[in-house]
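A.B. asks: There's a structure below that I have some questions on.
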């Protein structure tokens, strides 16, 4: 019989963590959000309240459902509180050493029943499961941003993940209204394994003068029916995040298609990280955004 998860702990109150917490709470799960300081927790709470209000405004939730979701949420700086949940989902910085400090600490606090899940987008799950005493109860749950709107969750199974743990994680993803897919524990899983080279190839095409920023994006939108072009997508994701994920995958596979192009590195050095900094492949200081002057 599949283990039924009842309570959820989320470690990390950033964009992904708050989105995961909101989604779980809206689906009826008592959810505890933990961060290291009150400031990030207050910011996450405000963002969740604002997001839920928008859902009510658009008729996707009732005011009563919004109230119930907020009632399901609790915020804390105490790691011991989230450790007692049936499922603990980690959504902190994409740094293996930092993550493993957390996992060692949690492993010593959590009861045997607790399932650990990482929201990593590129690191191998086994590298985290190996530092705990519960590698059979360790799984990947890779959500996509914005979590509240994106349907997909990659459920990642390592060689040590038990069938019961995998089934419980898969069932949980469905119970919070997501569409789960099964992925093996390889860097990038399914989506980033295919998506990252796509974005990097678009940057290389720009470097080589194949076409302009605007025409590369327009070509993929109109020719392949993509909702946005690869360079717009890179800006939306964050050029620094694209670079970091590419580096992790390049170290894993040693294939040049995962190597970050020089242009991507130069933009990051200049602080042009995409939409979040107002400039990347596009200039977001104007509306609508226009292709940035990259000196190509």
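A.B. asks: So if I check each of 56, 11, which one is modelled with pLDDT of 95 or more, touching a strand residue (DSSP E or B) at 6+ places or on another chain (Cβ under 7 Å) and surrounded by 15 or more Cβ atoms within 10 Å (Cβ to Cβ)?
C.D. replies: Of the residues listed, the single one that is modelled with pLDDT of 95 or more, touching a strand residue (DSSP E or B) at 6+ places or on another chain (Cβ under 7 Å) and surrounded by 15 or more Cβ atoms within 10 Å (Cβ to Cβ) is 11.
A.B. asks: Another question about this same structure. Look at segment 187-215 and say how many of its residues are in contact with a helix residue (DSSP H, G or I) (Cβ under 7 Å, 6 or more places away or on another chain), in contact (Cβ under 8 Å) with a residue 24 or more places away in the chain and not in a helix (DSSP H, G or I). Steps first, answer last, please.
C.D. replies: Step one: filter segment 187-215 for residues in contact with a helix residue (DSSP H, G or I) (Cβ under 7 Å, 6 or more places away or on another chain), giving 187-188, 192, 196-200, 202-203, 205-207, 211, 213.
When the remaining residues are screened for being in contact (Cβ under 8 Å) with a residue 24 or more places away in the chain, the result is 187-188, 192, 196-200, 202-203, 206-207, 213.
This time we only want the ones that are not in a helix (DSSP H, G or I), so: 187-188.
Residues flagged as in contact with a helix residue (DSSP H, G or I) (Cβ under 7 Å, 6 or more places away or on another chain), in contact (Cβ under 8 Å) with a residue 24 or more places away in the chain and not in a helix (DSSP H, G or I) within segment 187-215 amount to 2.
A.B. asks: Which members of segment 46-79 meet the condition of being outside any helix (DSSP H, G or I) and free of Cβ contacts under 8 Å to residues at least 24 places away in the same chain? Full working, then the answer.
C.D. replies: Step one: list which residues in segment 46-79 are outside any helix (DSSP H, G or I), which gives 58-62, 72-78.
Those that are outside any helix (DSSP H, G or I) and free of Cβ contacts under 8 Å to residues at least 24 places away in the same chain: 58, 59, 60, 62.
A.B. asks: Quick one: count up the residues across segment 19-48 that are in contact with a helix residue (DSSP H, G or I) (Cβ under 7 Å, 6 or more places away or on another chain) and surrounded by fewer than 18 Cβ atoms within 10 Å (Cβ to Cβ).
C.D. replies: Number satisfying all stated conditions: 2.
A.B. asks: Let me ask something additional. Answer yes if at least one residue in segment 139-152 is in contact with a strand residue (DSSP E or B) (Cβ under 9 Å, 6 or more places away or on another chain), assigned by TED's automatic domain parsing to the domain that holds residue 23, surrounded by fewer than 17 Cβ atoms within 10 Å (Cβ to Cβ) and part of a helix (DSSP H, G or I), and no otherwise.
C.D. replies: Among the residues of segment 139-152, not one is in contact with a strand residue (DSSP E or B) (Cβ under 9 Å, 6 or more places away or on another chain), assigned by TED's automatic domain parsing to the domain that holds residue 23, surrounded by fewer than 17 Cβ atoms within 10 Å (Cβ to Cβ) and part of a helix (DSSP H, G or I), which makes the answer no.
A.B. asks: While we're on this one: Could you grab the pairs with beta carbons closer than 7 Å, sequence gap of 6+ or different chains, first residue in segment 103-115 and on the phi < 0 side of the Ramachandran plot and in contact (Cβ under 8 Å) with a residue 12 or more places away in the chain, second one in a helix (DSSP H, G or I) and exposed (fewer than 14 other Cβ atoms within 10 Å of the Cβ)?
C.D. replies: So the pair list comes out as 109/80.
A.B. asks: Now a separate question. Looking at 33, 88 in this structure, which one is in contact (Cβ under 8 Å) with a residue 60 or more places away in the chain and under 30 Å from residue 162 (Cβ atoms)? Steps first, please.
C.D. replies: Working: 33 fails: in contact (Cβ under 8 Å) with a residue 60 or more places away in the chain.
Being in contact (Cβ under 8 Å) with a residue 60 or more places away in the chain and under 30 Å from residue 162 (Cβ atoms) holds for just one of 33, 88, which is 88.
A.B. asks: Search segment 267-296 for residues being at pLDDT below 95 and within 15 Å of residue 203 (Cβ to Cβ), and hand back the single one that is surrounded by the most Cβ atoms within 10 Å (Cβ to Cβ).
C.D. replies: Among residues in segment 267-296 that are at pLDDT below 95 and within 15 Å of residue 203 (Cβ to Cβ), the one surrounded by the most Cβ atoms within 10 Å (Cβ to Cβ) is 294.
A.B. asks: Which one of these is in a helix (DSSP H, G or I) and touching a residue at least 40 places away in the same chain (Cβ under 8 Å): 39, 19, 9? Break it down stepwise before answering.
C.D. replies: On the way: 39 fails: touching a residue at least 40 places away in the same chain (Cβ under 8 Å); 9 fails: in a helix (DSSP H, G or I).
Within the list 39, 19, 9, the selection yields 19.
The values are calculated or read from the model by the stated rules, or taken from the named source; none is laboratory data. Treat the numbers as computed from the prediction; the structure is a model and nothing was measured. Neighbour counts are summed over all protein chains in view; Cβ atoms, including those assigned to glycine, are modelled from backbone coordinates with ideal geometry.
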